[in-house]
2 protein chains.
Amino acid sequence: MTDEPVVPRSRRERPAKPPLTREAIIGTALAILAEEGLGKVTMRRIASALDTGHASLYVYVRDTEDLHAQILDELLGRMPPISRGGDWRARMHELLASYTRVLHQHPEIARMTRAGHPVGPHYFALVESTLELLNEGGVGDDEAAWGVDLLLSAVTANAVEHGTDDFAGKNDDALIATAGQIATAGTQYPHIARLGDSMLSGSAAERFEWGVDVLLNGILGTGRA
Amino acid sequence: MTDEPVVPRSRRERPAKPPLTREAIIGTALAILAEEGLGKVTMRRIASALDTGHASLYVYVRDTEDLHAQILDELLGRMPPISRGGDWRARMHELLASYTRVLHQHPEIARMTRAGHPVGPHYFALVESTLELLNEGGVGDDEAAWGVDLLLSAVTANAVEHGTDDFAGKNDDALIATAGQIATAGTQYPHIARLGDSMLSGSAAERFEWGVDVLLNGILGTGRA
DNA sequence: ACCTGAACACCGTTCAAGT
DNA sequence: ACCTGAACACCGTTCAAGT
């Protein structure tokens, strides 16, 4: 009812409508992603949050796939820089844990990470850091070249799979359902029945550490033909 | 113009409208998936192919996510049984290559494999087979229990990543774009610049074989704390 | 060059009413 | 119990017209 139209504000104080830029679009998309999930990150939703028409976005973004790719790379840009000094293996664990943390915070976007080969500048930086550490660890060039892909793919898959269960990693519905199936496995799936408890054991962190060591040991111990 | 209304056909010969069942729905979904891609596998599209109303599908399928999960498990059911006899490692390669082949044929559905923990009966069978082979290979129970997840996740990620480039695996657009970026990497990303060629080298099959061996060697050589 | 509104061709899901 | 049509609340993308 009471609108405040009369007093004009200095334009520095409150710009009525910020300019439409790629940065504004991605920033808004990230905010919506964090608050409402990927399902709401649509052209129309972003445009309305920016108080513009949805067709206007196509000046800065080719299509929905491009939008998602840009969001993902922006997210990777938020990774802290790799720490200097210390054991290469420890630093590799640190780097990959940091990458995992980013993906964990946005499980839905992580799912599409490997769709059309992510090629943003920030993903490139992650590849470079991984190669640097493999080199420090004495991994041969050939093995490092193929290993970086294996390592990052496995870590991505792991992050997608375990969603946001940060440390406990035990009490989500899916896991309970799985446990139920395992209990029922009985004679039809003897190995699952026998190892079921062990399959579900351990914290997310423990499993992650072990997985990275498996990859690193495997890469160190398996020459390329 | 010339319709053929008069002669009544025996109902066995040509049932005008097959009964709506879960099987019919999934079968139709698979046909659309194969011919038109996941983007066209919608409730409305399936219903119209089955000559029924789209709301009718909800009797057999909870929602779109459930539909996708059922499609995926059906696809896994098409995997040939694991061959008996022979080296466990060779048979593991065979099993995982077979799994990869299924995912390669449907790259879009593969992308969502690990979304909400696939728990269909056919995925369970795949887990069981993998555990069986790890056991044959002398992998400890604890390592096998965690390793099966690592192995299947990595293979899934690999399949998603490399889409349908069956054997050549060299001449898709994304790879060319990547190669272009690598060439430009220069001093900013020295390791990428140095190893770029090697990163893109090898056939899909060679990379797959090496990756599986890395995992197996790593699992064999890395004890759980 | 950028922005806009309108139009086109779709979606998933729910629900009251039928059989 | 299953099927249906209609309704609701959305989508992405294109394009002619404006500025």
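Looking only at residues in region A:43-62 that are within 12 Å of DNA strand C (Cβ to nearest atom) and part of a loop (DSSP other than H, G, I, E, B), the one that is nearest to B:G39 (Cα to Cα) is A:V61. So is A:R91 away from DNA strand C (no atom under 15 Å from the Cβ) and either at pLDDT below 90 or within 14 Å of chain B (Cβ to nearest Cβ) (or both) or not? For A:R91, the condition - away from DNA strand C (no atom under 15 Å from the Cβ) and either at pLDDT below 90 or within 14 Å of chain B (Cβ to nearest Cβ) (or both) - is not met. Checking each residue in region A:63-88 for being within 14 Å of chain B (Cβ to nearest Cβ) and either within 16 Å of DNA strand C (Cβ to nearest atom) or not aliphatic (A, V, I, L, M) (or both) picks out A:D63, A:T64, A:E65, A:D66, A:H68, A:D73, A:W88.
Scanning region B:17-41 for residues that are part of a loop (DSSP other than H, G, I, E, B) and either within 12 Å of DNA strand D (Cβ to nearest atom) or in contact with a Lys or Arg (Cβ under 6 Å, 6 or more places away or on another chain) (or both) turns up B:K17, B:P18, B:P19, B:L20, B:T21. Can you tell which of A:A49, A:A90 is under 25 Å from A:P19 (Cα atoms) and more than 17 Å from the chain's Cα centre (by Cα)? The match here is A:A49.
Residues checked against (1) in contact with a His (Cβ under 9 Å, 6 or more places away or on another chain); (2) farther than 24 Å from A:A97 by Cβ; (3) modelled with pLDDT under 90:
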position: A:P5; (1), (2), (3): no, yes, yes
position: A:S10; (1), (2), (3): no, yes, yes
position: A:A16; (1), (2), (3): no, yes, yes
position: A:E35; (1), (2), (3): no, yes, yes
position: A:L38; (1), (2), (3): yes, no, yes
position: A:R44; (1), (2), (3): yes, yes, no
position: A:E74; (1), (2), (3): yes, no, no
position: A:P80; (1), (2), (3): no, no, no
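From the list A:V102, A:V127, the one residue that fits, being under 13 Å from B:H191 (Cβ atoms) and touching a residue at least 12 places away in the same chain (Cβ under 8 Å), is A:V127. If you go through region A:141-157 and keep only what is among the β-branched types (V, I, T) and in contact (Cβ under 8 Å) with a residue 24 or more places away in the chain, you end up with A:V155, A:T156. Screening A:E108 with (1) in a helix (DSSP H, G or I); (2) more than 21 Å from B:I192 (Cα to Cα); (3) without any contact (Cβ under 8 Å) to a residue 60 or more places away in the chain gives one miss only, at (3).
Within this structure, B:E143 fails the test of being under 24 Å from A:A159 (Cα atoms), in the same structural domain as B:L216 (by TED's automatic domain parsing) and within 16 Å of DNA strand C (Cβ to nearest atom). Here is the figure for region B:56-76: residues that are under 12 Å from the mean Cα position of the chain (by Cα) and either loosely packed, with under 13 Cβ neighbours inside 10 Å or within 16 Å of DNA strand D (Cβ to nearest atom) (or both) total 0. Would you confirm whether any residue within region A:62-70 is closer than 23 Å to A:L215 by Cβ and without any contact (Cβ under 8 Å) to a residue 12 or more places away in the chain? No, region A:62-70 has no match at all. Taking region A:117-222 and the helices (runs of 4 or more DSSP H) fully enclosed by it, the elements with 1 or more residues that are at pLDDT below 75, surrounded by fewer than 20 Cβ atoms within 10 Å (Cβ to Cβ) and more than 7 Å from chain B (Cβ to nearest Cβ) are at A:173-185.
The values are calculated or read from the model by the stated rules, or taken from the named source; none is laboratory data. Quick caveat, the model's predicted, so the values are computed rather than measured. Backbone-built Cβ (ideal geometry, glycine too); neighbour counts: all protein chains shown.
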